[in-house]
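FYI, it's all coordinate maths here, none of it is from the lab. The structure displayed is predicted, hence computed values, not measured ones. All Cβ positions, glycine included, derive from the backbone under ideal geometry; neighbour counts span all protein chains shown.
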Amino acid sequence: MNQAELKASIRNVPDFPKPGIMFRDITPLLADPKVFQAVIDQFVAKYKDAGVTAIVAAEARGFIFAAPLALALGARFIPVRKPGKLPFETKAFHYELEYGTDSLEIHTDAISQSDNVLILDDLLGTGGTMEACVKLVDHSNAKIVGCAFLIELDFLNGREKLTPHECFSLIHYADET
């Protein structure tokens, strides 16, 4: 399934969550098993020979793609969550947002230095969430195989925050339209 076909399954919602933002709603894609499977299949094709041992994803929409991909690759799925949501010892990364700060946490024993980690999310915008995930993985000295996304908003330049890691996106948007 090519990028145009995948884009056709994304609903554009203008002025959400605030005026001037074009929200890319993935729920129609998720509601179509053939398209959803095509997305997972494309990620599998890209990473099947990369030696991925763990897939890290931030809540909540990253989980939707990371769990089935982890099963398909025979890798562990490792959730990254907002503070206070994980039941064991955690390490956190605090990061700046345009309107304040936020934090993400991962279990302290989730990743070892021998892991080959793929970090996955549904959307790359400014790169703040993915940068936090990268920092959490870096702390464990594991190898990051790459950062993967269903959607990338190219005009927000989020991949710049992820250098030197390879970024792979199935769908690109050049602007808000």
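Odds and ends about this structure:
- Counted charge near ASP41, where neighbours are those whose Cβ lies closer than 12 Å (Asp, Glu -1; Lys, Arg +1): +3
- Taking a sphere under 14 Å around the Cβ of ARG81 and counting the other residues whose Cβ falls inside, with K and R at +1 and D and E at -1, yields a net charge of -1.
- The calculated FRET efficiency for ALA72 paired with HIS139, based on their beta-carbon distance and R0 = 25 Å, is about 0.40.
- Relative contact order (%) - criterion: Cα under 8 Å, at least six apart; region: segment 133-177: 42
- Residue-averaged 222 nm ellipticity for the chain, from DSSP H runs of 4+ at -39500 (n - 2.57), nearest 500: -8000 deg cm²/dmol
- Table column - 3J(HN,Hα) (Hz), segment 134-145, Karplus curve with 6.51, -1.76, 1.60, x for Gly and Pro: 4, 5, 5, 6, 4, 4, 8, 6, 6, 8, 8, 6
- Restraint check, LYS7/LYS34; LYS48/LYS143; LYS46/LYS135, Cα-Cα greater than 20 Å: LYS46/LYS135
- Label-to-label distance, VAL44 versus GLN113, with points set 7 angstrom from Cα along the beta-carbon direction: 3.4 nm.
- The 3J(HN,Hα) values that the Karplus relation (6.51, -1.76, 1.60; θ = phi - 60°) gives for segment 65-80 are, in residue order, 8, 5, 5, x, 5, 4, 4, 5, 8, x, 10, 7, 9, 10, x, 10 Hz. Gly and Pro appear as x.
- Overall form of the chain per C-alpha gyration tensor (a/c, 1.5; a/b vs b/c): oblate
- Summed residue charge, Cβ within 14 Å of LEU71's Cβ, Lys/Arg positive, Asp/Glu negative: +1
- Evaluated with a Cβ-only charge set (Lys, Arg +1; Asp, Glu -1), the chain carries a dipole of roughly 380 debye about its Cα centre, given to the nearest 20.
- Inter-label distance, nm, simple model (7 Å from Cα along the C-beta direction), LYS91/ALA31: 4.2
- Backbone HN-Hα couplings from phi across segment 23-35 [Karplus 6.51/-1.76/1.60, Hz, Gly and Pro as x]: 7, 9, 8, 8, 4, x, 4, 5, 7, 10, x, 5, 6
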